[in-house]
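The values are calculated or read from the model by the stated rules, or taken from the named source; none is laboratory data. Nothing here was measured: the structure is a model prediction, and the numbers come from that model. Side chains included, ligands, DNA and RNA excluded: accessible areas come from the protein's heavy atoms. Shrake-Rupley method; radii C 1.70, N 1.55, O 1.52, S 1.80 Å.
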Amino acid sequence: MRQARAAAAGCSAVGSRPFAKAWKGSAEALDWLSRAASSGKSIPSIFLESTDKIYFMSGSSYVRCTLSTLTVDEGYPKQTADGWPGTKAPGFDRDIDAALLWNSDYVYFFKGDQCLRYNLKLNKVDDGFPLKIGRHWEGFGLLYRRGP
C-alpha cells in the first residue's frame, strides 16, 4: 500500500510542480506528457511495483516511466497496439477510459461499457475479451445503465 501511495504522489504532482513538469526524459516524451495532462481527459495509468514502472496512456500511445527516478524511459512514447499486442482488433488500442492492475498478472482496460483483460505473463489479450463491464464486473453494469 505504501508503494501505491508513493506512485499516486509521483503521478499527480511533485510538490507544487504540474504533472508533466515532474518528470525527466526526452523532449518528445515530455511534450507527450504535457499534451496528455492538458487534454482535459483522464490519463489511465498502471503501476507495476515489481518493476518500478508506471505506464501512462493517452490517445493511441503510451509512455513507460521509472517511478524511483521520475524519468520517462528511453524510446517512448510508443503506439499502444505495438506495446500491448492484441488490443487493436477489439478497439482497445486507443482512448482507454481506465486501467486496473489485478494481482500483478493482469491489467483490465476499460472503454465505454466494455472491459478487456490483458495477461501480463503471456503478453496478450485473454480469450473471450472484451466483455461488457456488467457481465464481468457484476454490479458495475448498473452504473452504465443509469449513469453516475
Under 5 Å from the placed amide H of Asp73, counting only residues 5+ away or on other chains, we find Arg64, Cys65, Thr66
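With every protein chain left in place, what is the accessible area per residue of region 32-148 in square angstrom, probe 1.4 Å? Could you put the intermediate results ahead of the total?
Details: 6440 Å² over 117 residues.
Dividing the accessible area of region 32-148 by its residue count gives 55 Å².
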Expressed as a whole-number percentage, the relative contact order of region 40-87 with C-alpha contacts under 8 angstrom and at least six residues apart is 24
Listed by chain and number, the residues whose amide H is under 5 Å from that of Gly59, excluding neighbours fewer than 5 places away on the same chain and using placed H, are Asp95, Ile96
